[in-house]
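Here is the structure we will look at.
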Ligand SMILES: Cc1ncc(COP(=O)(O)O)c(C=O)c1O
């Protein structure tokens, strides 16, 4: 059942050599294609890996050039072409995802018919959109499911696979950090939190405000000066790093936020800790807590 998704001729040749060295007879391969013809469907994508010049996948002509390496007895030895893979973009809504999947499946079937390949599988990738500005607006899985079911009927000989990422996991993680300081500069309020973009680089990378909730602490203030706080005012939440890019959310109105309160950043279950520059300034790492539902 293992499948290798291969993105270049070099990778194909390396895979063939590794399989031969290991004495493996058959290796099932899906070639990853970058389809310029699907480019029109990707207009709304947050991030495009294909549909235009890109290091991801093979151009359609390069796929055709690789076919001799995948025919039985060909130069690719144990490699066997099972199908086509494409992951062209992230951040598409359900109708756009279905349109992209249709473009990939149609292209794969024509390729198969043109060369008599008998392709049986098409993996249409992930990229189901998530909306950081509106965490309650979720990807419409029902519309997507109906569209994919129709597509599967149109391509009855093909197994269609998907590989969703963030739309499944992003809502399952929270990043909680403590407010260390609150200050004003030029009339604007800033709250400095213990963590920062070295723990959750997502807002800096994607240039958005990470959605959050304030968790008001109930600990009494034990210092002999007034507790720094903001009330009914927009506040920018920043980390402790020595860069103005260490911003988690900008000018967000809050009813109340005080030093010692905690801020729980939502949508931290995908591309959060894993894409962050953990060792910038060598600050401590956060703790990880896994909850059973
Ligand atoms: C090949 C491939 N498949 C699937 C995904 C998942 O994408 P997403 O999290 O947008 O669903 C990615 C993410 O970059 C990817 O590179």
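Below is a table of values for the structure above.
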read-out: Residue 185-residue 8 FRET efficiency (beta carbon distance; Förster radius 51 Å; 0.05 resolution); value: 0.55
read-out: Calculated FRET efficiency for the pair residue 62/residue 146, C-beta based, R₀ 35 Å, to 0.05; value: 0.55
read-out: Inverse of mean 1/r across different Cα pairs in the chain, Kirkwood, Å; value: 22.0 Å
read-out: Max mean-square fluctuation residue, GNM over the chain, Cα-Cα springs under 10 Å, options 149, 226, 270; value: 226
read-out: Gaussian network model of the chain, springs between alpha carbon atoms under 10 Å - residue of 134, 283, 199 with greatest fluctuation; value: 134
read-out: Using alpha-carbon coordinates, inclination of helix 141-154 to the longest axis of the chain, degrees; value: 0 degrees
read-out: Difference of contour (0.36 nm per residue) and Cα-Cα distance, residue 52 to residue 293; value: 82.6 nm
read-out: Förster radius 41 Å - calculated FRET efficiency between residue 134 and residue 223, Cβ distance, rounded to 0.05; value: 0.60
read-out: Listed residues 50, 83, 186, most fluctuating in the chain (Gaussian network, C-alpha, under 10 Å); value: 186
read-out: In nm, spacing of pseudo-spin labels at residue 255 and residue 174 (7 Å Cα→C-beta vector); value: 1.6 nm
read-out: Counting all C-alpha pairs of segment 173-280, share separated by more than 20 Å (%); value: 35 percent
read-out: Centre separation in Å (Cα based) which lies between segment 162-194 and segment 211-274; value: 8 Å
read-out: DSSP beta bridge pairing in the chain, given as percent antiparallel to the nearest 5; value: 55 percent
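Every number in this text was worked out from the coordinates using simple rules, so none of it is lab data. In this text, all values refer to a predicted model and were calculated from it rather than measured experimentally. Note: ideal-geometry Cβ built from the backbone for every residue, glycine included; neighbour counts use all protein chains shown.
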